[in-house]
Amino acid sequence: MRSLLNFLARYNNLIIFLILEGIAIYLLATGNNYHNTRVVNGIRSLINGIEERINDTRTYLNLHTINENLAAENVALRSSIGRLIKRDNSLFFSVSDSIYRQQYLHASAEVINNSINRQKNFFTINKGARQGIKVDMAVTSGNGVAGVIVGCSENYSVAMSLLNLDFKLSVRIKSNGYFGSLSWAGRDYSHAILSEIPQHVAVNAGDTIETTGYSAIFPEGVMVGTVSDFEKIGGDFYKITILLITDFKKIHFVDIIGNMKKTEQLELEKLFQ
Amino acid sequence: MINSILRFGLIFILLILLQVLLFNNIQFSGYVNPYVYVIFILLLPFEIPSWLLLLLSFATGLIIDFFSGSPGMHSSATVIAGFVRPYILRVLSPRDGYEQGSDPSMLTYGFRWFLTYTFLIVLVHHTALFYLEVFRFTDFFRTMLRVLLSSLFSITFILLIEYYRRGK
């Protein structure tokens, strides 16, 4: 308290000066339009300047959050780029099949292990889950059916060959559209059996057999083979022998086809089974 | 004491009348506006307490402001002049100090001392006044020219008044 009084006593001159000067400046600023405008503008620009500084500081302090947001945005953009751009070395590219209105993904792969002499034949391809291969994708060789993926590791996949007793495929005769079931008889790597074609249907040797797309694995219209022989057996159906277009003995490069809408189709179908 | 209050009151009124009626009407080409009333601050006694000096300066400026229609402008300048007066007096003080009971006048301390004293205070006052009037630093040197020319005229008139006082 005493030091405060000392301070006041010592600087009373200055304090009175400042008070009187303050009053005078106040009068100056309020009493004259010109000075008033100048002061108001000055104060406003001063305040704007200060606010700008504060804002700058705040932005600086928030840089961490901003960076995180930017990084997240980068990731999102990059992934959308990945979806949009077809890179040359990409495994899959989209084909909009305007005829059948289905969208399939295509990839190419190499067969690195193959067998044709067992009852249940499988072959191995050099691409796996990491390259986007999934179970139940179709495998074709050239333009003929080859098999179905049944298992994937990271970089390899195993496909069930058409030459497998468990392999069943919905196919049709291209000329008249009657469909039946294709299976392998287990004897000859170049022939398969088409059954369930009614006997009233006209079948000719050399008729083209293609897939129906009912299975949601193979696209519609993939070539399977040609009719080589047919005979009427007991019941109402033909037993048609198909000469396969795919030569499983020299199969090397295969295409893998993924049906993007398969899940949708199967889920819908499941509702009514 | 009473005597000096009366005396300074009379000087005060006279100076203000002089300033308002005569000098406020002198304007040479927009550069010269003599403000002679500053002499009141110059002539106040050495022993005056600084708070009273400041209050009197403020009052002088305020009254001039009322008559000139420029509230605050002259008050600011005179308060600044009143504030620096003690420091200027200290700087200008003779070797053995100011005489007891004397006023800062040309008669007591000589023309040269009085001229320096007047010059410094008038300069401070006019600088403050003119820069407050324009209230910006654009045309800085033009304003400075106005300050110098007006100071010249103010000092001239103040010296004339002081001569007249001495002669009396």
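Things to note:
- B:Val147 at pLDDT 85 or above and over 24 Å from B:Phe8 (Cβ atoms): yes
- For B:Ile39, the criteria (1) in a helix (DSSP H, G or I); (2) within 13 Å of chain A (Cβ to nearest Cβ) hold in every case but one, which is (2).
- Residue selected from segment A:177-205 under the condition small (Gly, Ala, Ser) and not in a loop (DSSP other than H, G, I, E, B), by the criterion nearest to A:Phe237 (Cα to Cα): A:Ser195
- Taking segment B:114-130 as the range and being over 14 Å from B:Val84 (Cα atoms) and surrounded by 18 or more Cβ atoms within 10 Å (Cβ to Cβ) as the test, the residues that pass are B:Phe114, B:Leu129, B:Phe130.
- Yes/no for A:Asn36 being part of a helix (DSSP H, G or I) and within 23 Å of B:Val79 (Cα to Cα): yes
- Single unsatisfied condition, A:Phe230 versus (1) modelled with pLDDT of 85 or more; (2) closer than 18 Å to A:Leu163 by Cα: (2)
- Unmet requirement for B:Val147, which otherwise passes all of (1) part of a helix (DSSP H, G or I); (2) out of contact with any Ser or Thr (no Cβ under 8 Å at 6 or more places or on another chain); (3) in contact (Cβ under 8 Å) with a residue 24 or more places away in the chain: (2)
- Residue in segment B:85-100 that is within 14 Å of chain A (Cβ to nearest Cβ), surrounded by 14 or more Cβ atoms within 10 Å (Cβ to Cβ), of a type in the set (Lys, Arg) and within 27 Å of A:Asn32 (Cβ to Cβ) present: yes
- Among the residues of segment A:133-149, some residue qualifies, meaning at least one is of a type in the set (S, T, N, Q), under 30 Å from A:Ser183 (Cβ atoms) and at pLDDT 80 or above.
- Those residues of segment B:131-144 which are surrounded by 15 or more Cβ atoms within 10 Å (Cβ to Cβ) and of a type outside the set (Val, Ile, Thr), in sequence order: B:Tyr131, B:Leu132, B:Glu133, B:Phe135
- Segment A:206-259, subset part of a strand (DSSP E or B) and of a type in the set (Asp, Glu), residue surrounded by the most Cβ atoms within 10 Å (Cβ to Cβ): A:Glu210
- Summed over segment A:1-25, residues that are facing chain B (nearest Cβ under 7 Å) and either touching a residue at least 24 places away in the same chain (Cβ under 8 Å) or of a type outside the set (A, V, I, L, M) (or both) total 4.
The values are calculated or read from the model by the stated rules, or taken from the named source; none is laboratory data. None of these values were measured; they are calculated from a predicted model. As a convention, Cβ positions derive from the backbone with ideal geometry for all residues, glycine included, and neighbour counts pool all protein chains shown.
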